[in-house]
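Trainee: To start, I am sharing the structure in question, which I have written as structure tokens.
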Amino acid sequence: MEYMSQEGYDELVAELRQLETVELPRVRDAIAEARDKGDLSENFEYRAAKREQWRLLGRIRFKQKVLEHARVIDKSRLQADCVGLLSKVSITNLGNNRSMTYTIVSPHEMNLREGKISIKSPVGQALLGKRKGDEVTVRVPAGLLKLRIENVEL
């Protein structure tokens, strides 16, 4: 079971719909067009279109499985003072004194450009269950990070 926000769930549904109704028919048309060109044994366009079709079908199956096991979280049932899924956390890196704000989300919603980190990431795991003022040490590929939680909100 995978917990996620309503927004994340809606984005996955929209992406799946796009793949099924736009991308897949486009690839099927490309396969049909390449097939009409004759000999399939030496037809690069046909092989490329078939590879793209398999890639799309794999993505569609993956998105369907995620949505099948997804559960949307009711934000009203979450604790606002403790870091958890969908918490917005302001932290300070004590090594360089830089402040950052992240929202803790499911792995399928993760997007660093939007300030969303996965609950399964090393930082997300370390912050889980902590409160304002707590300090945590996180092992990341670059070494150890020492972080202080400045604020937690929903």
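Trainee: Filter segment 81-95 for residues that are under 23 Å from the mean Cα position of the chain (by Cα) and not β-branched (Val, Ile, Thr) and give the result.
Mentor: The answer is Cys82, Gly84, Leu85, Leu86, Ser87, Lys88, Ser90.
Trainee: Pull out all pairs, ordered by first then second residue, where Cβ-Cβ is under 6 Å, the residues are six or more apart or on different chains, the first lies in segment 74-86 and is not assigned by TED's automatic domain parsing to the domain that holds Asp134 and among the basic types (Lys, Arg), and the second is surrounded by fewer than 10 Cβ atoms within 10 Å (Cβ to Cβ) and part of a loop (DSSP other than H, G, I, E, B).
Mentor: none
Trainee: Take the conditions of a type outside the set (Val, Ile, Thr), part of a helix (DSSP H, G or I) and over 30 Å from Leu144 (Cβ atoms) and apply them to Lys63. Does it pass?
Mentor: Against the criterion (of a type outside the set (Val, Ile, Thr), part of a helix (DSSP H, G or I) and over 30 Å from Leu144 (Cβ atoms)), Lys63 qualifies.
Trainee: What tally of residues in segment 94-146 results from selecting those that are touching a residue at least 40 places away in the same chain (Cβ under 8 Å), farther than 15 Å from Met4 by Cβ, hydrophobic (A, V, I, L, M, F, W, C) and touching a Lys or Arg at 6+ places or on another chain (Cβ under 9 Å)?
Mentor: Total satisfying the criteria: 2.
Trainee: I'd like the residue in segment 130-151 that is outside any strand (DSSP E or B) and modelled with pLDDT of 90 or more and, out of all such residues, is nearest to Leu12 (Cα to Cα).
Mentor: Out of the qualifying residues, it is Lys130.
The values are calculated or read from the model by the stated rules, or taken from the named source; none is laboratory data. Note that this is a predicted model, so its numbers are computed, not measured. With ideal geometry, Cβ positions are generated from the backbone for all residues, glycine too; neighbour counts draw on all protein chains shown.
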